[in-house]
Amino acid sequence: MPVLAWWSLAGRRLKLHIKRVEAEAWLIAGMMSAFPAFLLNSLLLPELIPPGWDSFSHDLATVAIGAPVIEELSKASAILIFSTSLKGRSNGFMIGFSVGLGFGLIENLQYIAVALFGGPVDLATTTLVRGVGSIPAHALWTAIVGSAIGGYFGSKEMDTRTSRKIADVQIHLIDKIEGLGFDLDGDGLLEGYRGDVSAISNWNSDGHWTIKGTKQEVIDPKQDENDGRRSIMISLVAAMIGHSIWNALSLSSIAISSFLSLGDVATIMFVLSVVCTMVTAVIVITLKEIKNHSGANSGKVISK
């Protein structure tokens, strides 16, 4: 229910027209990305922790440092599956948001299933922290990365690099085919492409990439720097830091309640207060991000 509610809210606020099959694909990709992350968290991370550490330090390093790095990289990889649909910041945000929701859904089922064997207090606190709290958090972190990736794929810079790559491939193919004895460019020679390279593509004197087809088009790679795009690397690091802080607070709240020897009811109330504070902060940031992306022009309509 939290997944459906958050997805519906983001879709309405962003005013995106999304096909059901697209939404399902994004969510499923997020679910699938949880499995390699789970394997790495379970098999790789414990081997990297020094054996002399106490259990709390071990859990803190695993949950608050290792897991955020692995999980955010896994979710970012899932976003890249939909590179052909990434046409701007707005729909990149929604794709990332959906991937994060799918990831959170599977992860929460795992944690809650394990908590069933830990008694009512463990089940209650896990459900509050994971079921209610981590759903919007996972969606937010991945949406920030999705926005950055979508902004890059939908930019003129990406179009320019794609056109440049296509031109390089064209020239390479001509050279290879003429090496086999076929005069592909019609110049009577079998020496590969020896015409004016600028007829396909070239850099001009101003450092702008020039693409020539039926007409010349000069694209300034700096002309769209101020369109609200964010650095993919900075966004990914920010997502990892936010994820790390979230996990550290979640783990510490339970540890603090145990250290203070709080009763069952007091423990639930304390954890609930921490979760409510974290969720409130995440909701405020999420709504602000959705509002910022609802004004993005690129990628406004994904499909009808």
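The values are calculated or read from the model by the stated rules, or taken from the named source; none is laboratory data. Source: prediction; values computed, not measured. Here Cβ is always computed from backbone atoms with ideal geometry, including for glycine, and neighbour counts include all displayed protein chains.
Couple of notes before you dig in:
- Number of positions in the range 126-153 that are under 12 Å from residue 101 (Cβ atoms), in contact with a Gly (Cβ under 6 Å, 6 or more places away or on another chain) and at pLDDT 85 or above: 6
- In the range 260-287, the residues that are of a type in the set (Phe, Trp, Tyr) and at pLDDT below 80: none
- Scan of the range 226-257 for residues that are part of a helix (DSSP H, G or I) and over 23 Å from residue 41 (Cβ atoms), ordered by number: 232, 234, 256, 257
- Residue check, residue 47 among the charged types (D, E, K, R) and either in contact with a Leu (Cβ under 6 Å, 6 or more places away or on another chain) or exposed (fewer than 15 other Cβ atoms within 10 Å of the Cβ) (or both): yes
- Among the residues listed as 113, 61, the single one being in a helix (DSSP H, G or I) and touching a residue at least 12 places away in the same chain (Cβ under 8 Å): 61
- Residues being surrounded by fewer than 19 Cβ atoms within 10 Å (Cβ to Cβ) and without any contact (Cβ under 8 Å) to a residue 60 or more places away in the chain - total across the range 256-280: 15
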